[in-house]
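The structure under discussion appears below in the form of structure tokens.
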Amino acid sequence: MSPKSDEIQIRVRYGETDQMGVVYHGNYALYLEMGRIEWLRKLGVSYKSMEENGVMLPVVSLHVNYKKSAGYDDLINVKTQLSKLPTVKLEFEYEITNEKGELLSTANTILVFVDKKTGKPIKAPKYILDLLEA
């Protein structure tokens, strides 16, 4: 994977499913977050260190297209792809597939870099841009 793309695998837990035995739709937001956190970590940045340095990264947009269901104990793959170099916004595209490679969902999130003290949007920190351009 390139610095602009990463993949993780997640085993669906029983508590993530609904009465129909499929992953409850709200859990997809958690899977996307897991993908983003690992993408950042592999880039060399952690959410924790960003926050300690006064930068927050709230989600301002989340869109998921559900294609096929995942169920209990399924091993799913979350591919996280940076859409473009960040400015004030950080945008990702996602694909979630099952063990057979079948597409379960596609998604898009937009996050905004925010100054922790003022609550106002700021430009992407230079160290993140430097890591992406390296």
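Using θ = phi - 60° and the Karplus curve 6.51 cos²θ - 1.76 cosθ + 1.60, what whole-Hz ³J(HN,Hα) does each residue of region 18-29 get, with Gly and Pro shown as x?
For region 18-29, the Karplus curve yields 9, 5, 8, x, 10, 4, 4, 4, x, 6, 4, 4 Hz.
May I ask you to derive the FRET efficiency for residue 42 and residue 91 from their Cβ-Cβ distance with R0 = 25 Å, giving the value to the nearest 0.05?
0.90
Taking 0.36 nm per residue of separation and subtracting the Cα-Cα distance, what length does fully extending residue 68 through residue 56 add?
Answer, rounded to one decimal: 1.0 nm.
Apply the Karplus curve 6.51 cos²θ - 1.76 cosθ + 1.60, θ = phi - 60°, to the phi angles in region 79-92 and return the couplings in whole Hz, x for Gly and Pro.
9, 10, 10, 5, 6, 7, 4, x, 10, 8, 9, 10, 10, 10
Among the listed pairs 79/120; 4/68; 42/126, give every one whose C-alpha distance is greater than 20 Å.
79/120; 4/68
Taking the chain, how much of its Cα-Cα pair set, in percent, is spaced more than 23 angstrom apart?
That fraction is 36 percent.
In region 5-133, if the dipole is taken from +1 on Lys/Arg beta carbons and -1 on Asp/Glu beta carbons about the Cα centre, which of 121, 77, 98 is farthest to the positive end?
Selected residue: 121.
Once the piece of chain linking residue 4 and residue 122 is laid out straight, how much longer is it, given 0.36 nm per residue of separation minus the C-alpha distance between them?
That works out to 40.4 nm of additional length.
Only sites in a loop by DSSP and with at most 11 other Cβ atoms within 10 Å count here; which trypsin sites (Lys or Arg not before Pro) in region 1-104 make the cut?
13, 84, 100
Please compute the modelled spin-label separation between residue 100 and residue 75, points set 7 Å along Cα→Cβ, answer in nm with one decimal.
With each label point 7 Å from Cα toward Cβ, the separation is 1.6 nm.
Values in this text are rule-based calculations from the coordinates and carry no lab data. All of these numbers come straight from a predicted model, not from anything done at the bench. For neighbour counting, all protein chains shown are included, and Cβ atoms are generated from backbone atoms with ideal geometry for every residue, glycine included.
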